[in-house]
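Report on the following structure.
The values are calculated or read from the model by the stated rules, or taken from the named source; none is laboratory data. The shown structure was predicted, so the numbers you read here are calculated from the model rather than taken from an experiment. As a convention, Cβ positions derive from the backbone with ideal geometry for all residues, glycine included, and neighbour counts pool all protein chains shown. Heads up: the accessible areas ignore ligands, DNA and RNA and are worked out on the full protein's heavy atoms, side chains in. Shrake-Rupley method; radii C 1.70, N 1.55, O 1.52, S 1.80 Å.
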Amino acid sequence: MDNLIGSLESSLSVSAEPCSTASAHPRFSQFKSKTWKINQEERRRKTLENQKQNRYDYYNHCRRLAESDFSVDEECLLETQEEMEWLPPKTKTPRAYRDQIMLSEWLDEVPADFETSWLAMPCPIGKRCLVVASRGWTRAYSKSGYLITEFQSFLPGGFRQSSDSTILDCLWNEVKQCYFVLDVLSWSRVPLLGCEAEFRFYWLHGKFSEQPEFGVKSDKNRYPFIQLPTKSCTKGNIEDLLLMEKQIWSPLDGLLFYHKLGYYTPGVSPLVGWLKPFMVSEILNANVPEFYMQKKPLSYVNIQQHLKRNVKEKHDENSVEMLAKE
């Protein structure tokens, strides 16, 4: 008995300090630590791999958006969930067009293949919207899915005599009263969601070159549609985009960077990067006109500090919303 008691005393501790709630759980070390943060380059690689295995029906998704047909068969939806990693946002009235736009990430890590596999696009000041031309009308919807306006345009499906449909990702510029075209989801009922970015921009360039009336205001085209150019991401090309002060898209709100092989996927995509003009010199080591450098906030230190502040502000906003609900 004495030997048993001595063995227990040596193996068990009954002091208050180890049992304190401030101390680590005795079995904590047995669990594997999980790292949730994945660097940007790894997320890009995984996104490219996943989109190759994607078997989603892009045609029907574009058709529902164009025709406002948002009835989805639940059995088909369950089968789709089992087959693929990415799922389109659920489309339910009255805001069925909510979260259908592809959004960018801050380009805080420059890809190794940046000059060869990425395209830069100037991004003017404007309000992001989804333009749907169908059933003889052209309608613009906000990112949150609200109808902004409707009008007649030359876009396929956007005027009374047309039976086609077209869906564009655009920026509305209030001052210049025009739509700047960032991307295309479908054109004349041809779905382009599952096409690579380089092909989508090539398609847009061809269509706008064939029909320059898209970019001209007229009785049948209430607002001009201006396609934005893309260039390979060399230092010289990026500096040229920032120096083009006399172009219709100037002044710029920033630069967008698209991976050539990226599909158009609603929501935030690591295959689309974003930088404010004053950040370009820091991240890409390119020369930036003084005009843009003067717009740098006084509180700005570097992009990492800027991202941390954004996260904190978002956290504070969410905390305020939760308190308000309580």
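A few remarks follow.
- In terms of the mean number of neighbouring beta-carbon atoms within 10 Å, the peptides 130-137, 97-104 order highest first as 130-137, 97-104.
- Surface composition of the stretch 171-323: carbon and sulfur atoms hold 55% of the protein heavy-atom accessible area at a 1.4 Å probe.
- Placing dummy labels 7 Å off each Cα toward the beta-carbon, the span from PHE208 to ASN310 is 2.5 nm.
- Pairs from LYS176/LYS207; LYS46/LYS308; LYS207/LYS235 whose Cα-Cα separation, in the structure shown, is over 26 Å: LYS207/LYS235
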